[in-house]
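Below you'll find the structure, written out as structure tokens, and then a few comments.
Computed from the coordinates by the stated procedures, all read-outs in this text should not be read as laboratory data. Bear in mind that the values here come from a model prediction, so they are computed numbers and not experimental data. Counting neighbours? That spans all protein chains shown, and the Cβs are built from the backbone with ideal geometry, glycine included.
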Amino acid sequence: MNVCSAFMLAGSGQRILTVHFFSMYGRYQKGMGIIMEKAIKKYFPIFALPTFAAFTIGFIIPFVLGVYLSFCEFTTVTDATFVGFKNYIRIWGDATFIHALWYTSLFTVVSVITINVLAFAVAMLLTKGIKGTNIFRTVFFMPNLIGGIILGYIWQLILNGILLHFERTLTYNSAYGFWGLVILMNWQQIGYMMIIYIAGIQTIIIVLMNSFKKKIFISNRPFSLPDAKSFVGLENYASGMQKIDFLHSFAYSLFITVGSVAVIILCTSMCAWYITRVKSKITSGMYYLFAFSMIVPFQMVMFTLSKIADILHLGNPVGIIIVYLGFGAGLAVFMFCGFVKSIPLEIEESAMIDGCNPLQTYFKIVFPVMKPTAISVAILEAMWVWNDYLLPYLVLDIKKYKTIPIAIQYLKGGYGAIDMGAMMAMIVLAIIPIIIFYIACQKHIIEGVVAGAVKG
């Protein structure tokens, strides 16, 4: 045998050993994965059941009942009579519905196009190394920190203030209302997509200015600074706090928001880890159900959800936390699942080899790694819960419990009269806590959103 032949045989042997090594390592990895999956599967009641039970209460049952009721005639959800496709046939013959459908479709198309065009244009600018992008990261979410019912009053004031110069109002012509909605949606959603942060700052400044002005000057001169004639000091703040019992509403909002966010983060992150690591038809079905819930509008389930919450006696600050967990689980589970898929499985296998059970592995290894995504979810869910009006209004016993958005709505008196001074003051107080929370956590949100989108 010559030298060349010897080297060839040696090389062949090395390749065989290498292939054998990787084959053995692959089987080892697969075996470890099976063992770990079996170990995690036993913890279904801890990791996945609480979230899925709340999800069943907050979405699945209301959605199924909502679909069933669409085939019924009823006054309340308890006296439904099945009528087949009668409702669907009748609605397509209703001119009001057809107009609303066309109006909503046009609004959606125009808003989506304008939002994405503007968002893409500004995103391109922000990637050019322009100074000020760090400040932008602090305020790009600002439009979304303000609740929908509060936004409605703010933009009604702003747009009517502009139209007043032309002797017009939003109600003068439907076109004004349409473009007003488009402007509002652009302002809020483009802010969510990282643009027009200046608008957010300016709008908050407008609200702050008007909170120190007399009511008559808020409507007639919404963009002017307070002067000796219009300035009322803290009178609006004192009046608003007295009229709506602001401190009690603040306490209820704070308790519900903090409790809901904490429960959502803990339960949904555990559920996401479970359904990602345990591969089965059941976990796949759960994942797709969670994802599907994000595209279903709240109006689809709001009446049935309200009835179920009433039956289960959830109309209190503790009970509504379960409702928020159930209805808000979709987005949180989706984001956490995307992040879990990016975590190297070897880390968890090493923990198991060292003697950790699934609970120890999750709390000592997995959950700390989830911090960026957890903070992102916390910000998104906190903004939703803190500013939410409709769900608390439907679920809570509002004679006993009023959150801040519900309390602010009570400043609207008979015949549409609104104490704008007190409302502006209460809006300022309502915005401050969520802005402070966001500023404290904002540095993690971009990292968390990106991480949650990986392999999602």
Using only the Cα atoms of region 328-439, construct the convex hull and provide its projected area averaged over every direction, in square nanometres to one decimal.
10.0
Other residues with Cβ under 12 Å from the Cβ of Thr283 give, with Lys and Arg +1 and Asp and Glu -1, a net charge of +3
Vicinal HN-Hα couplings computed from phi for region 337-343 (Karplus, 6.51 cos²θ - 1.76 cosθ + 1.60; Hz; Gly/Pro x):
4, x, 6, 4, 5, 8, 7
By the scheme Lys and Arg +1, Asp and Glu -1, what is the net charge of all other residues having a beta-carbon under 10 Å from that of Pro226?
+3
Using modelled amide H (1.01 Å from N, peptide plane; none on Pro or chain starts), what sits under 5 Å from the amide H of Ser224, excluding residues fewer than 5 places away?
none
